[in-house]
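The values are calculated or read from the model by the stated rules, or taken from the named source; none is laboratory data. What you see is a predicted model, and the numbers here were worked out from it, not measured in a lab. Counting neighbours? That spans all protein chains shown, and the Cβs are built from the backbone with ideal geometry, glycine included. Areas reflect the complete protein model, heavy atoms only, side chains present, ligands, DNA and RNA absent. Shrake-Rupley method; radii C 1.70, N 1.55, O 1.52, S 1.80 Å.
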Amino acid sequence: MEKRENTKEYEFSNKRMTDIKISVGDALFSNKNFNIIAGPCSIESEDHIFELAHDIKKAGAGILRGGAFKLRTSPYDFQGLGKVALNYLVSAGKKENLPTVSEIIDVRHIDYYADLDMIQVGARNMKNYTLLRELGRGDIPVLLKRGMDSTYEELLFAAEYIMSEGNSNVILCERGIRTFENYTRNTLDISAVPALKNFTNLPIIVDPSHSTGRSELVEPVSLGAAAAGANGLIIEVHKNPSKALSDKEQAVTPSELSNIVEKSKKIIEVLG
Ligand code: PEP
Ligand code: MN
């Protein structure tokens, strides 16, 4: 990219890595691949995640997500089932042959994630540099979400905190930023996808669920992200969204997921 004269040149080590390939179980992430991660905002029981894992596999998504430790705005809302839910997630993933990912909220929990294929750092922890450094000392791939008030530069430096400790398996995620608009939960910054590609070769995925907060917007926004060059999507799914214990307004059903998978693959094919 042509840099304007007053734009600072930052040295990002991830830009120097040209051929990035990140294995998340059997799924391969790179700046040329497209993967769909799907699952519930929160794992509600063992049966819940086992049934949903089956539906997600059938819908054609390649990676299973499920929340175990949740960071909720209100301390009185469901906080997740905790450690036991990670065990359910790993078992459900094994049964359906799907790699797994879940969000970490506390550096003291790192050992709980040893059997997962990827660890998510949520928007609220993007600047938790102690956590990022600790994840950098391991080798499990990290899905790093952009903070809701963070610039591209801050996101790239957050990735550097992980990579500078030795773990170069980092996947970036645009999940919407805070703006004055309140019809949607956040505002998806679609420009982040092509713009970040000027600075990094790390894969970049989009979260249409938290960016819109509305299930009916998840499909069109997913297709827009695929067209903009995203390397994947992370989508919240529930069999019965109105009964979900968290983020019920934005959950799509397994059959809606199946449509998204099919249509986004068509877009990827058309665009090569
Ligand atoms: C999530 O993925 O469940 C989540 C809480 O997302 P974010 O950190 O983007 O808000
Ligand atoms: Mn959620």
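In region 91-109, the qualifying residues are those that are in contact with a strand residue (DSSP E or B) (Cβ under 6 Å, 6 or more places away or on another chain) and outside any loop (DSSP other than H, G, I, E, B), and the one that is nearest to ILE49 (Cα to Cα) is GLY93. Taking region 73-131 as the range and being within 18 Å of CYS41 (Cα to Cα) and of a type in the set (Lys, Arg) as the test, the residues that pass are LYS83, ARG124. Looking only at region 246-264, which residues are of a type outside the set (Gly, Ala, Ser), away from ligand 1 (no atom under 12 Å from the Cβ) and surrounded by fewer than 24 Cβ atoms within 10 Å (Cβ to Cβ)? Once the filter is applied, which keeps residues that are of a type outside the set (Gly, Ala, Ser), away from ligand 1 (no atom under 12 Å from the Cβ) and surrounded by fewer than 24 Cβ atoms within 10 Å (Cβ to Cβ), region 246-264 yields LYS248, GLU249, THR253, PRO254, GLU256, ASN259, VAL261, GLU262, LYS263. In region 152-168 there is no residue matching the filter, namely being assigned to a strand (DSSP E or B), farther than 14 Å from VAL121 by Cβ and either within 16 Å of ligand 2 (Cβ to nearest atom) or not charged (D, E, K, R) (or both). Screening GLU262 against (1) within 24 Å of ASN182 (Cβ to Cβ); (2) among the acidic types (Asp, Glu); (3) assigned to a helix (DSSP H, G or I) leaves a single unmet condition, (1).
Results for (1) assigned to a loop (DSSP other than H, G, I, E, B); (2) on the phi < 0 side of the Ramachandran plot; (3) open to solvent by 30 Å² or more (accessible area, probe 1.4 Å); (4) touching a strand residue (DSSP E or B) at 6+ places or on another chain (Cβ under 7 Å), shown as yes or no for each residue.
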{"site": "GLU51", "(1), (2), (3), (4)": "no, yes, yes, no"}
{"site": "ASP55", "(1), (2), (3), (4)": "no, yes, no, no"}
{"site": "THR73", "(1), (2), (3), (4)": "yes, yes, yes, no"}
{"site": "ASN87", "(1), (2), (3), (4)": "no, yes, yes, no"}
{"site": "ASP115", "(1), (2), (3), (4)": "yes, yes, yes, no"}
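With respect to SER209, determine if the residue is more than 13 Å from ligand 1 (Cβ to nearest atom) and within 25 Å of GLU236 (Cβ to Cβ). When the stated conditions are applied, SER209 does not pass them.
Taken over region 197-247, the residue count meeting the criterion of being part of a helix (DSSP H, G or I), within 16 Å of ligand 2 (Cβ to nearest atom) and over 18 Å from the mean Cα position of the chain (by Cα) is 3.
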